[in-house]
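Trainee: What follows is a single structure, and I will ask about it in a moment.
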Amino acid sequence: MSQRQLKFLVDVGVGKRVETWLGKNGYDVKAVRDLNPSMEDEEILTIAVSEGRMVITMDKGFGELVYHSGLAHAGVLLLRLEDAKADEKAKVMESILKQYSDKLANHFCVFQGGKLRIRR
């Protein structure tokens, strides 16, 4: 899958800057803030699966849903960047997509401490 084929659903906590960066760089992106900012995580996953979108989130609860509840997903990218500014988050996304875009789809990925872990 080429990077431009990746589609994303960006969770509210990630921020507008990442949504904007993705859109400007040719990605198909939807934002939870535009759909329903108080949407439940399960509903976010349901929409993402139905539209073939990878969820980008900073909410660790998605790990619980995917691994312990076994909910289907089309990929989750958990950014552990709690203290990061908007520009830093956008730079991290750029770096991740430049290096790993062909490995992200349908995987649960965690970015923390400058490293990306990709799990099935």
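The values are calculated or read from the model by the stated rules, or taken from the named source; none is laboratory data. All values derive from a computational prediction rather than experimental measurement. Here the Cβ positions follow ideal geometry from the backbone for every residue, glycine too, while neighbour counts run over all protein chains shown.
Trainee: Would you point out the residue of the stretch 38-75, among those that are loosely packed, with under 15 Cβ neighbours inside 10 Å and of a type in the set (Ser, Thr, Tyr), that is nearest to Lys16 (Cα to Cα)?
Mentor: Ser38
Trainee: When you check Leu35 against the structure, is it surrounded by 18 or more Cβ atoms within 10 Å (Cβ to Cβ), among the aliphatic types (A, V, I, L, M) and modelled with pLDDT of 95 or more, yes or no?
Mentor: Taking the combined requirement at face value, the residue does not satisfy it.
Trainee: Exactly one condition in (1) over 20 Å from Asp41 (Cβ atoms); (2) over 13 Å from the mean Cα position of the chain (by Cα); (3) loosely packed, with under 15 Cβ neighbours inside 10 Å is false for Ala84; which is it?
Mentor: (3)
Trainee: Does Val66 satisfy the condition of being among the β-branched types (Val, Ile, Thr) and modelled with pLDDT under 95?
Mentor: yes
Trainee: Inside the stretch 1-114, counting only strands (runs of 3 or more DSSP E) that do not spill past its ends, which hold 2 or more residues that are among the charged types (D, E, K, R)?
Mentor: Where strands (runs of 3 or more DSSP E) fall fully within the stretch 1-114 and carry at least 2 residues being among the charged types (D, E, K, R), they are 28-31.
Trainee: I want to confirm something. Restricting to the stretch 2-32 and keeping residues that are under 21 Å from Tyr100 (Cβ atoms) and of a type in the set (A, V, I, L, M), which single residue is surrounded by the most Cβ atoms within 10 Å (Cβ to Cβ)?
Mentor: Looking at the filtered set, the residue picked out is Val10.
Trainee: If the Cβ limit is 7 Å and pairs must be 6+ apart or interchain, which residue in the stretch 23-35 that is among the acidic types (Asp, Glu) pairs with which residue that is in a helix (DSSP H, G or I)?
Mentor: Filtered contacts from the stretch 23-35: no entries.
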